[in-house]
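Visitor: Could you have a look at this structure, given as structure tokens, before my questions?
The values are calculated or read from the model by the stated rules, or taken from the named source; none is laboratory data. Since we're looking at a predicted model, the values are computed, not measured. When we count neighbours, we look across all protein chains shown, and the Cβ atoms used for this are built from the backbone with ideal geometry, even at glycine.
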Amino acid sequence: MILTIDIGNSNIDIAFFKDGEISKHFEFATIKESTNYEYALKLEWTLKKCDIELSEIEGVAIASVVPSLTPVFEEAINFLFNFKPFIVEPGIKTGIYIDTENPKEVGADLICNVVAIDEEYGSCGIAVDFGTATTFSVINNKKFLGVAIAPGVGTSAYALFEKTAKLPQVEISSPTSSFGKNTISAMQAGIVFGFAGLVDGILKRQIKELKTTPRIIATGGWAKRIVPYTKYIKEIDPYLTLKGLYHLFKRNM
């Protein structure tokens, strides 16, 4: 069994792969101040919660966009399992060509997303990741062509609440109309429909530049809130990043 850990700015996603398929999935909040022992305890608790013995874990793969937590998790894994984890970092075998000005600065999550598309969805695709940031990663014929990065849904909404005196913090839920009849419904309409428009606008440009029809896969915590109101996205894979991480692990073993 392979343990995959995706360390994001807001959440840490964990999946256990058995025979190439996800058997268990777990998630907890990212706490940058936590120590290696605290995360080791969380991982041990997760294993017990999932009825998995330490001895069943044959390998661990980590993708992190929080540099300060990468060594913390590396130490936690070594403490728990007495071996080093595989980490997505410059120099690993990706199986794709990273066609950017500085391949070393491309985020681990972006690499995982395009590798997952390459492995599971076809030669040409766009991964739209609705996380702390909203990213649009493009791959075609095993070449990572680049990415567009926009603010995340929650990040933008929080900025709106923080920077305005009279607008309250509201739950981001499905609006019934683009005509808000009160402050809350007006904000929900603006946030959800506004982001749907942003997503469609970027995808329209990327599809035009590709000059072909890509497979577009959405992932990330906000995908289910925004995707139903978009024109171009028809598929959601909540485990896209973790699947890519698993495939990277296998490509490097």
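Visitor: Of the residues in the stretch 155-184, how many are among the β-branched types (Val, Ile, Thr) and at pLDDT 85 or above?
Guide: Total meeting the criteria: 2.
Visitor: Between a residue in the stretch 83-98 that is among the β-branched types (Val, Ile, Thr) and any residue that is assigned to a loop (DSSP other than H, G, I, E, B) and surrounded by fewer than 18 Cβ atoms within 10 Å (Cβ to Cβ), which pairs come within a Cβ distance under 7 Å, given they are 6 or more apart or on different chains?
Guide: Note: pairs meeting the criteria are 92/252; 96/142.
Visitor: Return the only residue of 234, 211, 243 being under 20 Å from the mean Cα position of the chain (by Cα) and either over 30 Å from residue 3 (Cα atoms) or surrounded by fewer than 21 Cβ atoms within 10 Å (Cβ to Cβ) (or both).
Guide: The conditions single out 234.
Visitor: Go through the stretch 133-180 and give me each residue that's assigned to a loop (DSSP other than H, G, I, E, B), among the hydrophobic types (A, V, I, L, M, F, W, C) and either in contact with a strand residue (DSSP E or B) (Cβ under 6 Å, 6 or more places away or on another chain) or closer than 25 Å to residue 203 by Cα (or both).
Guide: 172
Visitor: Being more than 19 Å from residue 215 (Cα to Cα), assigned to a helix (DSSP H, G or I) and among the aliphatic types (A, V, I, L, M) is true for just one of 110, 69. Which residue is that?
Guide: Checking each option against the conditions leaves just 69.
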